[in-house]
Protein chains: 2
Amino acid sequence: MTEPPRDARERLIEGTRELLWERGYVGTSPTAIWRASGVGQGSMYHHFQGKPDLVLAAEQRSAEQMQRDIRACFAQEGSAYERISAYLLRERDALRGCPVGRLVADPEIAADGRLREPARETFAVLHECLVSALEDGRNAGEFAADLDAVRTASTLAAVVQGGYTLARAEASAEPYERAVQGALALLRLADR
Amino acid sequence: MTEPPRDARERLIEGTRELLWERGYVGTSPTAIWRASGVGQGSMYHHFQGKPDLVLAAEQRSAEQMQRDIRACFAQEGSAYERISAYLLRERDALRGCPVGRLVADPEIAADGRLREPARETFAVLHECLVSALEDGRNAGEFAADLDAVRTASTLAAVVQGGYTLARAEASAEPYERAVQGALALLRLADR
DNA sequence: GTCTATACGGCGATAGAC
DNA sequence: GTCTATCGCCGTATAGAC
């Protein structure tokens with residue numbers, strides 16, 4: 001399915017992505033990165049200036065992929081509700097959480113505009129897709145005419161991100177599933 | 001308002017709470033703790049066995065406080081919707097996030113049953129309060145008879161936690177406010 | 001491009017004096 | 001109970017050979 005990484009640079013980015021997802025910025029050491037990526041230390045410092053530089057490249061890759069997945073999901077055929085539920089019900093490993101959302105938990109990333117940018121952009125794309133779908137549904141009579149698309153879009157995005165937190169606290173995917181199902185049910189009830 | 005910490009033990013717990021909230025488990029070093037708490041290193045290792053022991057005490061304190069706040073909020077007078085919105089609209093520093101929810105982002109805490117327990121218990125308390133309020137509202141005719149209280153409770157809890165993530169990604173409290181307002185609007189629309 | 005060697009500070013903890 | 005000293009390891013690089 002997935003192409004195996006080719007050169008050192010590519011392996012480093014993929015290794016960093018994995019470690020960032022699992023352990024965050026502080027928890028991800030350069031040593032762990034080159035070891036996990038199967039390249040030498042000298043090679044890493046040849047391709048990247050240092051940890052922040054490599055992390056930025058990894059973040060951009062993760063953001064790019066998530067944005068592509070989001071757009072693909074919302075470009076599918078179907079009613080507004082179907083597209084929204086398709087996104088919310090996508091296969092996710094709730095206990096792993098979101099590779100992009102995880103990043104902003106660390107203050108080093110939250111405080112640095114450049115390191116924060118990929119996450120900001122990704123959630124902006126998600127929000128835009130959700131707003132469009134909600135407006136479509138409102139225009140088609142699927143949702144109440146007074147449904148606030150902008151706010152509801154933030155609600156739905158938050159349910160996914162917060163569902164991860166609840167899942168990790170219980171070490172079970174169930175709270176995540178419940179949160180998403182509950183959000184979709186509320187959306188169905190908002191049909192007049 | 002708040003009592004200043006008295007003894008070394010107390011100061012250590014409060015200092016650890018702050019650092020954990022801000023920087024998570026990996027990002028919080030014993031050295032930073034005793035420095036921030038204004039006690040000596042030897043004192044710290046006299047009162048606590050090591051980092052996990054001290055972190056557990058700090059977690060329990062944060063969990064205890066959050067649970068007390070939750071119960072107080074839901075014990076107020078008013079309709080079910082009023083109690084729920086009172087909780088969702090509580091003054092929060094959205095950019096700081098949740099002192100309890102932050103903990104489970106770190107794998108060291110998520111993987112350790114004892115360190116995870118305070119967070120698990122806190123979200124269980126929140127879920128229970130939300131379910132009770134939603135059932136009350138349903139019985140009083142405030143919400144649709146087929147509203148699923150258990151799932152909706154998880155949805156509302158997730159909106160708050162996920163709202164923090166969106167806020168940090170944008171470095172603004174606005175996405176958090178939108179998410180909460182959107183959730184309350186959905187709840188109001190689910191009234192038949 | 002990739003390698004090994006080296007550096008310096010911080011982490012997490014222990015020892016033992018006071 | 002609190003203090004300072006010390007420890008071994010790791011984080012985050014830099015240097016210079018190959």
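Show that you can apply the helix-only estimate: for chain A, add -39,500 (n - 2.57) for every DSSP H stretch of four or more residues, divide by all residues, and state [θ] at 222 nm to the nearest 500.
About -22500 deg cm²/dmol.
Suppose a student asked you for the relative contact order of segment B:8-189, using Cα pairs under 8 Å spaced at least 6 residues apart; what percent would you report?
Reported relative contact order: 22 percent.
Can you give me the pair-distance distribution of segment A:1-106, C-alpha pairs, 10 Å bins, whole percents?
Per 10 Å bin, starting at 0, the Cα pair percentages come out as 14, 40, 29, 13, 4, 0.
Tell me which A residue has its C-beta closest to the axis rotating A onto B, and the distance in Å?
Of all Cβ atoms in chain A, the one nearest the axis gives A:G162, 2.
Stick to the Cα atoms of segment A:14-69, pair each with every other, and give me the Kirkwood hydrodynamic radius in Å at one decimal.
11.4 Å
Can you give me the long-range amide H partners of B:A144? Hydrogens built in the peptide plane at 1.01 Å from N, cutoff under 5 Å, separation of 5 or more residues or another chain.
Hits under the 5 Å cutoff: B:D191, B:R192.
Compute the orientation-averaged projected area for chain A from the convex hull of its Cα atoms and round it to one decimal in nm².
Seen from a random direction, the Cα hull of chain A projects 11.7 nm² on average.
Hey, what's the Kirkwood Rh for the protein assembly as shown if you take every pair of different alpha carbons, in angstrom?
Across the protein assembly as shown, the inverse of the average 1/r is 21.8 Å.
Since every read-out is calculated from the coordinates, none of them should be taken as a lab result. Because the structure is predicted, anything quoted here is derived from the model rather than measured. For neighbour counting, all protein chains shown are included, and Cβ atoms are generated from backbone atoms with ideal geometry for every residue, glycine included.
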